[in-house]
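Chemist: This is the structure, below, for whatever I ask next.
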């Protein structure tokens, strides 16, 4: 069964070998570290295109829904612009 997370990108780190580390904050304020790993012998949760797409949302009002397969690998990323009005009355 697929699992999905909704949230935003808080921090991005790119390494000399082109690997990317992304700190993703879920709607429940949980921080998760997701990775694209350029070394094919190591496993990352994100493919290169998905990691680059998420990286471009840093410091924006764009939230992402990331869907993962049973093995914990992202299978899709959906982006949405979120405004402050979307959060009014939630507290």
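Coordinate-derived values only; no laboratory data. All values derive from a computational prediction rather than experimental measurement. Every residue, glycine as well, gets a Cβ built from its backbone with ideal geometry; the counts of neighbours run over all protein chains shown.
Chemist: Can you tell me which residue within segment 29-38, out of those that are closer than 21 Å to residue 75 by Cβ and either without any contact (Cβ under 8 Å) to a residue 24 or more places away in the chain or in contact with a helix residue (DSSP H, G or I) (Cβ under 9 Å, 6 or more places away or on another chain) (or both), is surrounded by the most Cβ atoms within 10 Å (Cβ to Cβ)?
Modeler: Taking the candidates together, the pick is 36.
Chemist: Additional query: Tell me, yes or no, whether segment 45-52 has at least one residue that is in a loop (DSSP other than H, G, I, E, B) and in contact with a helix residue (DSSP H, G or I) (Cβ under 8 Å, 6 or more places away or on another chain).
Modeler: Yes: segment 45-52 contains one or more residues that are in a loop (DSSP other than H, G, I, E, B) and in contact with a helix residue (DSSP H, G or I) (Cβ under 8 Å, 6 or more places away or on another chain).
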